[in-house]
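S.K.: Starting off with a structure, shown below.
The values are calculated or read from the model by the stated rules, or taken from the named source; none is laboratory data. Keep in mind that this is a model prediction, so the values were computed, not measured. Cβ: placed from backbone, ideal geometry, glycine included. Neighbour counts: every protein chain shown.
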Amino acid sequence: MLTKERIVEESLKLFLNYGVKGVTVERISKHLRMSKRTFYEHFENKMLLLTQCLIAYDKVTRDEHEKITNASSNAMEALFRWNDAMMTRMDLVNPNFFNDIHHYYPGLLEDFYKNNGDFLQDTLLELCQSGIEQGVFNKGVNKIIFTKVVLSLIQLFKDSESFPPMEFSKVELTFNILGPYIKGVSTEKGLTLIKKYEERIKMAYSGFGFQDLEGEKF
């Protein structure tokens, strides 16, 4: 017998792969080999299902962050690892997942964040505070401003019209969009950690031909 949890799990996979609009109740039912009647026994409508899927997705990202934090020796390393995880997630998640929710279910994400907290925002606030305490970010950095700026810069990563994926890699965008700001709020200790990260990325992506912050080819 299909459980509510199984329906959420499989529906979330479909939403992440294909976006929300194209994944109908009928498609979910066929995917799970169940009747639409069975679906409606568990969920009154698609919006209630989406809410449960958002809760499940939020748990995945929070668990991922906890693992990253535990595996990192300082806030800067955690920020790098978190950025890598976010870039990987952006490649795996259809952008229409969130775009469709905003367009076809206005207010749903806002209500979700109000009830469950904005994980991305909370993560950045936490990383900034830890970075200041550990001496990798300057003491004068305002946590709220830091968080809002980084969130705004992340939105640029998603602007496929300005930065076509076939022309600009995620790593290149990181170095040229997020990198300069992070360097600007970092201490000498933080800059040293950034340099080590850049060297690691250069080694990993040598031969791809994208440019670093000084405009030199890797």
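S.K.: Anything in the range 42-52 that is exposed (fewer than 12 other Cβ atoms within 10 Å of the Cβ) and either over 24 Å from His103 (Cβ atoms) or β-branched (Val, Ile, Thr) (or both)? List them, or say none.
M.R.: none
S.K.: What residue, among those in the range 156-197 that are hydroxyl-bearing (Ser, Thr, Tyr), part of a helix (DSSP H, G or I) and modelled with pLDDT of 90 or more, is farthest from Asn94 (Cα to Cα)?
M.R.: Applying the filter and picking the extreme gives Thr192.
S.K.: Please specify each residue of the range 1-41 satisfying the condition of being over 26 Å from His103 (Cβ atoms) and assigned to a helix (DSSP H, G or I).
M.R.: Listed by number, the residues that qualify are Lys4, Glu5, Arg6, Arg37, Thr38, Glu41.
S.K.: Within the range 144-154, is there a residue that is closer than 29 Å to Leu50 by Cα, charged (D, E, K, R) and assigned to a helix (DSSP H, G or I)?
M.R.: The answer is yes, given that some residue of the range 144-154 is closer than 29 Å to Leu50 by Cα, charged (D, E, K, R) and assigned to a helix (DSSP H, G or I).
S.K.: Residue check: is Met87 outside any loop (DSSP other than H, G, I, E, B), touching a Leu at 6+ places or on another chain (Cβ under 6 Å) and under 26 Å from Ser186 (Cα atoms)?
M.R.: When the stated conditions are applied, Met87 does not pass them.
S.K.: If I go through the range 62-78 residue by residue, how many of them are assigned to a helix (DSSP H, G or I), out of contact with any Cys (no Cβ under 9 Å at 6 or more places or on another chain) and closer than 28 Å to Thr192 by Cβ?
M.R.: 11
S.K.: Which one of Asp100, Asp118, Asp84, Asp91 is surrounded by 14 or more Cβ atoms within 10 Å (Cβ to Cβ) and under 24 Å from Ile194 (Cα atoms)?
M.R.: Asp84
S.K.: Of the numbered conditions (1) touching a His at 6+ places or on another chain (Cβ under 7 Å); (2) touching a residue at least 60 places away in the same chain (Cβ under 8 Å), Leu14 fails exactly one; give the number of that condition.
M.R.: Looking at each condition in turn, Leu14 falls short on (2).
S.K.: Going by what's in this entry, would Ala56 be described as in a helix (DSSP H, G or I), surrounded by fewer than 18 Cβ atoms within 10 Å (Cβ to Cβ), small (Gly, Ala, Ser) and under 23 Å from the mean Cα position of the chain (by Cα)?
M.R.: For Ala56, the condition - in a helix (DSSP H, G or I), surrounded by fewer than 18 Cβ atoms within 10 Å (Cβ to Cβ), small (Gly, Ala, Ser) and under 23 Å from the mean Cα position of the chain (by Cα) - is met.
S.K.: Something else now. Those residues that are of a type in the set (A, V, I, L, M) and within 25 Å of Cys128 (Cβ to Cβ), I need them from the range 55-92; list them, please.
M.R.: Answer for the range 55-92, where residues must be of a type in the set (A, V, I, L, M) and within 25 Å of Cys128 (Cβ to Cβ): Val60, Ile68, Ala71, Ala75, Met76, Ala78, Leu79, Ala85, Met86, Met87, Met90.
S.K.: If you don't mind, another one. Got at least one residue in the range 107-125 being in contact (Cβ under 8 Å) with a residue 12 or more places away in the chain and among the acidic types (Asp, Glu)?
M.R.: Checking the range 107-125: not a single residue is in contact (Cβ under 8 Å) with a residue 12 or more places away in the chain and among the acidic types (Asp, Glu).
S.K.: Hey, can you tell me all the residues within the range 65-81 that are farther than 18 Å from Thr174 by Cα, crowded, with 16+ Cβ neighbours inside 10 Å and free of Cβ contacts under 8 Å to residues at least 24 places away in the same chain?
M.R.: Those that are farther than 18 Å from Thr174 by Cα, crowded, with 16+ Cβ neighbours inside 10 Å and free of Cβ contacts under 8 Å to residues at least 24 places away in the same chain: Ile68, Thr69, Ser72.
S.K.: Is one or more of the residues making up the range 105-113 within 18 Å of the chain's Cα centre (by Cα), under 24 Å from Val185 (Cβ atoms), of a type in the set (Ser, Thr, Tyr) and at pLDDT below 95?
M.R.: No, the range 105-113 has no match at all.
S.K.: Something else: Return the residue satisfying two criteria in turn: it lies in the range 136-153 and is hydrophobic (A, V, I, L, M, F, W, C) and surrounded by fewer than 18 Cβ atoms within 10 Å (Cβ to Cβ), and of such residues it is farthest from Met86 (Cα to Cα).
M.R.: Val141
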